[in-house]
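This report refers to the structure that appears directly beneath it.
The values are calculated or read from the model by the stated rules, or taken from the named source; none is laboratory data. Here the structure is a predicted model, which means the values were calculated and not measured. For neighbour counting, all protein chains shown are included, and Cβ atoms are generated from backbone atoms with ideal geometry for every residue, glycine included. Note: accessible area is taken over every heavy atom of the protein model, side chains too, but ligands, DNA and RNA are not part of it. Shrake-Rupley method; radii C 1.70, N 1.55, O 1.52, S 1.80 Å.
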Amino acid sequence: MSILTAARTARAAPSPTFLEFVGIIAFMMALGSMSIDNLLPAFGPIAVDYALPSVNEAQLILTVYMIGFATMQLFYGPISDVIGRRPTLMIGLVVFAVGTVVAIFAPSFTILLIARAVQGMGAAATRILSVAIVRDRFHGREMARVMSITMMIFIVVPVIAPSVGGFFLLFGTWHLIFVSMLVLVAMLAIWFWRRMPETLHPEYRKPFSFARVGAGMKRCVSERVTLGYATGMALMYGSLMGYLGSAPQIFETEVYGLGSLFPLVFGVIAALMGVASFVNSKLVRRLGMRRLSHVGVCGFIVFAAAMVVVALVFHGKPPLLLFALTLAGCQFLFSLTMPNFNTMAMEPLGDIAGTASSVIGAYTTLVGALIGMLISQSFNGTVLPMAIGYLAIGVGGVAVTLWTEKGRLFRPHNPDPLPGR
């Protein structure tokens, strides 16, 4: 039986329950995140094993992973629109597994970096296919609800991942962390293949041609709603990347010197983001995506402005509690905004959900990473650069939203249907 035949046959299989569906999607989204953050405690041992001149060089393990992750997002979506979601995800998971095996036995740091890039290339399939599959099954407010629930898992994973990596280091070398990744990818492959039917609608399946893929990508950037809300997502993602890049220096070392207490503060703020995602999942059906996300992005400006004020008043080093409150407010509103922006960007493109997910994912990842790098590289021993960066992002987000909605905010559109497919 060919891959395509197997995919078509699988579509007739019983669909998972709603909770199981969300669990599978959350697992897909969490795999990539876990594969980044569970290696953080291993930087020192890896530097020692490969005789690196500095532990800072071990940070390349993250850089090459993200390069592979960002670039390959452009490919999996169009491929999945041709051969289906199931076989495309399996291809990505096999690529991830190959990179993981190479990493376990890497004889040099250069080979380890190549293996990490391959891992990122494979993990990109989980990011793209998770969004495409949700769009295949749901739309409108129901899609936003599902994305909010899975976002909770996606946010919690980076908080616990370093502890998981540290746990494996208690029982062996950093190689065990890669072994755990291999186990996770095998579990996901089995669970997905046995329980998730093909979600690509037969009428949306397209023969491959570069012209058709190009036309789909052009359509993604031509749709005002898609381009506008994808740009809003990129800006908001930049705030998250800026926070992640600056947080260790702000909380752990130079500004507040929390040391070992840093994970606690980091975890509390991440937990608030998870709470916001849960709140969004409960309210989006009643209030709509536009009302919640527009409140989120406008409120983000208010808290970011407050962050700038307290930073200026206290010469860049405000009291920890005061700064943490303004930051937590921004991150809470971030989580009200992102799932809804993502859903609205995908909404007009259900017939090319794979291609749309690829374009939006690559665009938001690359732009957001660049913005985050600008914020974190501007760190000057105070919280002021991050506060100013947040305020600029909030202003930009509102401006883009106004352009997208032609000056209309807080008003739901008629195409905000309640039921899923």
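Structural remarks
- Between Ile25, Ile371, Ile111, the GNM of the chain built on Cα springs shorter than 10 angstrom shows Ile111 fluctuating the most.
- Dividing the alpha-carbon radius of gyration of segment 41-155 by the rule-of-thumb value 2.2 N^0.38 Å gives 1.26.
- For segment 266-421, the Cβ-based charge dipole about the Cα centre amounts to some 380 debye (Lys, Arg positive; Asp, Glu negative; other atoms uncharged).
- For Leu258, the amide hydrogen comes within under 5 Å of the amide hydrogens of Glu252, Thr253, counting only partners 5 or more places away or on other chains and with H modelled in the peptide plane.
- Cα gyration tensor shape of segment 203-314, rounded if a/c is under 1.5, else prolate or oblate by comparing a/b with b/c: prolate
- Inter-centroid distance (Cα atoms) of segment 371-387 relative to segment 105-130, Å: 29 Å
- Segment 68-129: relative contact order as a whole-number percent, Cα under 8 Å and 6+ apart: 54 percent
- Placing a label point 7 Å from the Cα of Ala271 along the Cα-to-Cβ direction, the residues of segment 323-353 whose backbone N falls under 19 Å of that point are 323-336.
- Take every pair of alpha-carbon atoms less than 8 Å apart whose residues are at least six positions apart; their mean separation over the length of segment 280-332 yields a relative contact order of 34 percent.
- Working note: Karplus 6.51/-1.76/1.60 with θ = phi - 60° gives segment 114-121 the couplings 4, 5, 5, 4, 5, 4, x, 4 Hz, where Gly and Pro are set to x.
- Within segment 281-319: backbone nitrogen closer than 18 Å to the Trp403 label point (7 Å, Cα to C-beta): 294, 297-298
- Comparing Ala271, Ala215, Ala30 in a Gaussian network model of the chain where C-alpha atoms under 10 Å apart are linked, the largest mean-square fluctuation is found at Ala215.
- Highest-MSF residue in the chain out of Asn342, Asn380, Asn38 [GNM, Cα springs under 10 Å]: Asn380
- Set of aspartates and glutamates near Lys218 by C-alpha distance (under 17 Å), chain-local residues within fewer than 8 positions excluded: Asp81, Glu347, Asp351
- In Å², nearest 10: area of Val98 left accessible to a 1.4 Å probe: 80 Å²
- FRET efficiency for Arg195 and Arg224, using Cβ-Cβ distance with R0 set to 51 Å, rounded to 0.05: 0.85
- For segment 82-194: relative contact order, % (alpha-carbon pairs under 8 angstrom, 6 or more apart): 32 percent
- Between Thr199 and Arg85, Arg86, the built amide H atoms are under 5 Å apart, and every one of these is 5 or more places off in sequence or on another chain.
- Using a probe of 1.4 Å, the accessible surface attributed to Val268 totals some 80 Å² when neighbouring protein chains are kept in position.
- HN-Hα J in Hz across segment 386-397 - Karplus 6.51, -1.76, 1.60, θ = phi - 60°, x for Gly and Pro: 5, 4, 5, x, 4, 5, 4, 5, x, 4, x, x
- This structure gives semi-axes √(5λ) of the Cα gyration tensor in Å, computed directly, and of (1) 32, 29, 18; (2) 52, 27, 21; (3) 36, 28, 18 that value is listed as (1).
- Counting all C-alpha pairs of segment 75-232, share separated by more than 27 Å (%): 35 percent
- Cα gyration tensor shape for segment 93-166, rounded if a/c is under 1.5, else prolate or oblate: oblate
- Only protein heavy atoms count here; on that basis, with a 1.4 Å probe, Leu74 has an accessible area of about 70 Å².
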